[in-house]
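First comes the structure, then the notes that go with it.
The values are calculated or read from the model by the stated rules, or taken from the named source; none is laboratory data. Just so it is clear, the structure is predicted and the values come from calculations on it, not from any experiment. Every residue, glycine among them, receives a Cβ derived from its backbone with ideal geometry; neighbour counts consider all protein chains shown. SASA here: full protein model, heavy atoms, side chains in, ligands and nucleic acids out. Shrake-Rupley method; radii C 1.70, N 1.55, O 1.52, S 1.80 Å.
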Amino acid sequence: MKKMLCMLLMFMGMALAQTSPLKIASLHPLLSEMAARIGGEQVTVVNLFPENGDLHGFSPTAKDLAAATGARLVLVCGKGVEPYLSDLRDSLSAGTVIVETGKDIPDVKVPGTRFSDPHWWNTPENMKRASRTLLSAMIQAAPEHEQSFTAGRNAYAAAMDKLTRTARLKLSRVPKDARHLVTGHAAMCHFCAAFNLTPMAIQGIARQSEGDPATLAALLAELRRRDTRCIFTEVNASPRMLQVIADQLGIPTAPLVMDGIYPAAPGYEAMFLHNINTICTHLCP
């Protein structure tokens, strides 16, 4: 009787282990959302990124890492977004896998430089690619949920395809001579490559122009040559310098979500549609 009871408890423990949710920690809100949508009830997602945080200034604290205790997967963007990645690997417990969700996404160069734009999430197609990488890692960590994870990823991919179609339809209205996306820093190169626009980032030039009339004059001349209709700022950054330049040109500024972090438009669809609608409002006739 005692032996049967021990076996029953053992099997109950195995069944519980097999059905317990897969714990995933994430260092970007969009990755947290992606994991939750793919995993559904089969995952527990812990978002380590603080609300209103600065993507390029954030690094996880000891408290953040404590919240990740027990996570089988830790999701990061990759592509150089997390300069602390090597230290993070050393800080995590054995058996925890860091998933660089952007690793299989093709690089897009910033025009006129040798650098690649790390903001790969600004196209739904790239999010779809990243979801494939995440699905593989989730299945490896919890193979018993493969069917559920696959169904979740298929639904997510379909949603990204729908967003791509919507964007192409709306952006097709932008005239050829207006297809210049002028932004603060170079964060929309993936977006422009996907939707046939030409990116121009002026933040560095704008800083150089402070106190230098010749540099400012050259910048204004280039923007006029491009028939710039709007300068797109960032929702989480001060637009002061860009507003000064826009005022000189007599054109408006409008905010885009470039780092994927915008509490006022939570979720990828809301963020992406905000960008598309804002661009079309200012570039379409």
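Highest GNM mean-square fluctuation among 104, 117, 90, for the chain modelled with Cα contacts below 10 Å: 90.
Helix 124-141 and the longest principal axis of the Cα set of the chain meet at an angle near 20°. Per-residue SASA remark: residue 168, around 150 Å² accessible (1.4 Å probe; ligands, DNA and RNA not included). Classify segment 211-268 as rounded, prolate or oblate, taking a ≥ b ≥ c as the square roots of the eigenvalues of its Cα gyration tensor: rounded when a/c is under 1.5, otherwise prolate if a/b is larger than b/c and oblate if not. The shape class here is prolate. Summed over qualifying helices (DSSP H, 4 residues or more, each -39500 (n - 2.57)) and divided by its residue number, the chain shows a 222 nm mean residue ellipticity of -15500 deg cm²/dmol. Under a Gaussian network description of the chain, with springs only between Cα atoms under 10 Å, the residue in 233, 253, 215 that fluctuates furthest is 215. Backbone geometry of segment 93-103 corresponds, through the Karplus equation with coefficients 6.51, -1.76 and 1.60 at θ = phi - 60°, to 3J(HN,Hα) couplings of 6, 4, x, 7, 9, 8, 9, 7, 5, x, 4 Hz, x marking Gly and Pro.
Under a Cβ-Cβ cut-off of 14 Å, what is the net charge of the residues other than residue 167 that fall near it, where Lys and Arg count +1 and Asp and Glu count -1? Summing Lys and Arg as +1 and Asp and Glu as -1 gives +4.
Compared with the dominant principal axis of the Cα atoms in the chain, helix 146-171 is inclined by about 10°.
The ellipsoid equivalent to the alpha-carbon distribution of segment 102-153 has semi-axes of 30, 10, 5 angstrom, derived from the gyration tensor eigenvalues as √(5λ) and listed largest first.
The share of accessible area on the chain that comes from carbon and sulfur is 56 percent, using a 1.4 angstrom probe.
The value of relative contact order for the chain, using C-alpha pairs under 8 Å at least six residues apart, is 16 percent.
Treating each Cα of the chain as one equal point scatterer and applying the Debye formula with no solvent, the log10 of I(q)/I(0) at q = 0.10, 0.14 Å⁻¹ comes out as -0.60, -1.03. Comparing 187, 178, 62 in a Gaussian network model of the chain, where Cα atoms under 10 Å apart are tied by springs, the biggest mean-square fluctuation is seen for 62. In degrees between 0 and 90, to the nearest 10, how far off the longest principal axis of the chain does helix 2-19 point, with axes built from Cα atoms? Once rounded, one gets 10 degrees. Globularity index of segment 52-172 is 1.21 (Cα radius of gyration / 2.2 N^0.38 Å, N = number of residues). When the expected Rg is taken as 2.2 N^0.38 Å, what fraction or multiple of it is the alpha-carbon Rg of segment 133-253? Ratio of Cα Rg to 2.2 N^0.38 Å: 1.49.
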